[in-house]
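S.K.: Structure provided below as structure tokens; questions to follow.
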Amino acid sequence: MRKGSDGLKKGNNVWSKSAETAQKRGRIMNKVIEEISKIGIVPVIALDDVKDAKPLAEALCKGGLPCAEVTFRTDAAEESIRVMTKEFPNMLVGAGTVLTTEQVDRAVGAGARFIVSPGLNPKVVQYCVSKDIPIVPGTTNPSDVEIAIENGLEVVKFFPAEQAGGINMIKAMCGPYTKMKFMPTGGINADNLKSYLDFNKIVACGGSWMVKKDLVAAGKFDEIEALTREAVRKMLGFELKHIGINAANETEADQTAEAFSKMFGFAKKAGNSSIFAGTAVEVMKTPYLGANGHIAVGTNYIDRAVYHLQLQGFEFDESTRKTDEKGNTKAIYFKGEFGGFAVHLVQA
């Protein structure tokens, strides 16, 4: 009896250690994936010359995408990763097109924080998992996804995205694989980016349209910075939603809303705390945030927008965060005022 008890105890200890290891791996992977998700776009770059690594990384960071997947298709990849991670330690740099365990070691040794592969090589996946290295292997079909699940992964690459069926194929695969999330790459550009990111199983999209090889080769890093900034702008989709006007009381609010209604034909609609004239003008029944009122700016992805704006040095008032019943952020105010107005983001 004692022997059996000891055996059970030993087994439990083994299981506990395995569980702790799995949890540790999960935390490392989740931290990287969470950061990638906030960034939204992963620039996929191929560098032929190490000298381009620093100015390219600088252009990406200035443009608003402090992230890069440096493909191991060139001899300059390893040293380029080393330069980027040294010069920009806050940049999330990973290695792409990783085909062997030897390349995994070289990439991680150079400072890569995650590994991406075009296909799903079980040997490479298992090697990364055993060493707590975040890996996002390529998939194109249910069989690939099942192998990824068997190896404990919850995020995979979908490549080549457009050629393999695009967002519709991903949605179809998410039917049976409800917990799997995807990072599509291949054929994604500024025009179809939103169609992917709107689906809640998409962590982020990989793309190279802002880091074209001819621009890198020509040293046109200012153009790369501009294209990167435009990619972020198009992703976030900022749009003025309404202006909020502070009124002294409900009577004044009604009179102000009525004036806008008469002037422009805006339909007047009363709420608990304000009266709207159309959708562009909101008049507060009692003074709210901002000396003069507030400005609401819509965005495609509010949490990503908060992340990117914080990168630029803006701060948010967490006490003003409003969420829905699922805990998703619906609105949040910046700290401070701008021209006498408080400003808040709203999920479009």
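The values are calculated or read from the model by the stated rules, or taken from the named source; none is laboratory data. These numbers were taken from a predicted model, which means no experiment stands behind them. Cβ atoms come from the backbone with ideal geometry, glycine included; neighbour counts cover every protein chain shown.
S.K.: Would you check if LYS269 is touching a Phe, Trp or Tyr at 6+ places or on another chain (Cβ under 6 Å) and without any contact (Cβ under 8 Å) to a residue 12 or more places away in the chain?
M.R.: Working: touching a Phe, Trp or Tyr at 6+ places or on another chain (Cβ under 6 Å): yes; without any contact (Cβ under 8 Å) to a residue 12 or more places away in the chain: yes.
Yes.
S.K.: Now for a separate question. Conditions: (1) closer than 21 Å to GLN126 by Cβ; (2) within 20 Å of the chain's Cα centre (by Cα). LYS201 meets all but one. Number of the miss?
M.R.: Of the numbered conditions (1) closer than 21 Å to GLN126 by Cβ; (2) within 20 Å of the chain's Cα centre (by Cα), the odd one out for LYS201 is (1).
S.K.: Report whether or not GLY166 is on the phi > 0 side of the Ramachandran plot, at pLDDT 95 or above, surrounded by 20 or more Cβ atoms within 10 Å (Cβ to Cβ) and not acidic (Asp, Glu).
M.R.: Numbers: on the phi > 0 side of the Ramachandran plot: yes; at pLDDT 95 or above: yes; surrounded by 20 or more Cβ atoms within 10 Å (Cβ to Cβ): no; not acidic (Asp, Glu): yes.
Spelling it out, it is not the case that GLY166 is on the phi > 0 side of the Ramachandran plot, at pLDDT 95 or above, surrounded by 20 or more Cβ atoms within 10 Å (Cβ to Cβ) and not acidic (Asp, Glu).
S.K.: Could we say that ALA95 is buried (at least 23 other Cβ atoms within 10 Å of the Cβ), touching a Phe, Trp or Tyr at 6+ places or on another chain (Cβ under 7 Å) and not acidic (Asp, Glu) here?
M.R.: On the way: buried (at least 23 other Cβ atoms within 10 Å of the Cβ): yes; touching a Phe, Trp or Tyr at 6+ places or on another chain (Cβ under 7 Å): yes; not acidic (Asp, Glu): yes.
Yes, satisfied.
S.K.: Can you tell which of VAL129, VAL125, VAL145 is touching a Phe, Trp or Tyr at 6+ places or on another chain (Cβ under 7 Å), assigned by TED's automatic domain parsing to the domain that holds GLU69 and in a helix (DSSP H, G or I)?
M.R.: Details: VAL129 fails: touching a Phe, Trp or Tyr at 6+ places or on another chain (Cβ under 7 Å); VAL125 fails: touching a Phe, Trp or Tyr at 6+ places or on another chain (Cβ under 7 Å).
Going through VAL129, VAL125, VAL145 in turn, the sole match is VAL145.
S.K.: Among the residues in the range 285-298, are any within 34 Å of the chain's Cα centre (by Cα), within 30 Å of ALA68 (Cα to Cα), loosely packed, with under 14 Cβ neighbours inside 10 Å and in contact (Cβ under 8 Å) with a residue 40 or more places away in the chain?
M.R.: No, the range 285-298 contains no residue that is within 34 Å of the chain's Cα centre (by Cα), within 30 Å of ALA68 (Cα to Cα), loosely packed, with under 14 Cβ neighbours inside 10 Å and in contact (Cβ under 8 Å) with a residue 40 or more places away in the chain.
S.K.: Name the residue that is nearest to TYR196 (Cα to Cα), counting only residues in the range 217-248 that are of a type outside the set (Gly, Ala, Ser) and assigned to a strand (DSSP E or B).
M.R.: Pass one, the range 217-248, residues of a type outside the set (Gly, Ala, Ser): 220-225, 227-230, 232-236, 238-243, 245-246.
Of the ones still in play, those that are also assigned to a strand (DSSP E or B) are 239-243, 245-246.
Working: GLU239: 20, LEU240: 24, LYS241: 24, HIS242: 27, ILE243: 31, ILE245: 37, ASN246: 39 Å.
Among those that are of a type outside the set (Gly, Ala, Ser) and assigned to a strand (DSSP E or B), it is GLU239.
S.K.: Collect the residues in the range 249-292 that are in a strand (DSSP E or B) and under 24 Å from GLY339 (Cβ atoms), keeping them in residue-number order.
M.R.: Keep residues of the range 249-292 that are in a strand (DSSP E or B), which gives 268-270, 274-277, 281-284.
Within the range 249-292, SER274, ILE275, PHE276, ALA277, VAL281, GLU282, VAL283, MET284 meet the criteria.
Condition check ((1) in the same structural domain as CYS61 (by TED's automatic domain parsing); (2) closer than 24 Å to THR299 by Cα; (3) surrounded by 21 or more Cβ atoms within 10 Å (Cβ to Cβ)) across all residues:
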position	(1), (2), (3)
CYS205	yes, yes, yes
LYS212	yes, no, no
LEU215	yes, no, no
GLY219	yes, no, no
ILE245	no, yes, yes
GLU252	no, no, no
GLN255	no, no, no
GLU258	no, no, no
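S.K.: Can I ask one more? Scan VAL108, VAL104 and give me the residue that is crowded, with 22+ Cβ neighbours inside 10 Å, outside any strand (DSSP E or B) and over 22 Å from the mean Cα position of the chain (by Cα). Spell out the reasoning first.
M.R.: Values: VAL108 fails: crowded, with 22+ Cβ neighbours inside 10 Å.
So the residue among VAL108, VAL104 that is crowded, with 22+ Cβ neighbours inside 10 Å, outside any strand (DSSP E or B) and over 22 Å from the mean Cα position of the chain (by Cα) is VAL104.
S.K.: May I pose another question? Being within 20 Å of ILE41 (Cα to Cα), touching a helix residue (DSSP H, G or I) at 6+ places or on another chain (Cβ under 7 Å) and either assigned to a helix (DSSP H, G or I) or among the aliphatic types (A, V, I, L, M) (or both) is the filter here, so list the residues in the range 148-182 that pass it.
M.R.: VAL155, VAL156, ILE167, MET180
S.K.: Looking at the range 301-341, which of its residues are of a type in the set (Gly, Ala, Ser), surrounded by 12 or more Cβ atoms within 10 Å (Cβ to Cβ) and assigned to a strand (DSSP E or B)?
M.R.: Start the filter on the range 301-341 by keeping residues that are of a type in the set (Gly, Ala, Ser), which leaves 305, 313, 319, 327, 331, 336, 339-340.
This time we only want the ones that are surrounded by 12 or more Cβ atoms within 10 Å (Cβ to Cβ), so: 305, 331.
Hit for the range 301-341 is ALA331, nothing else.
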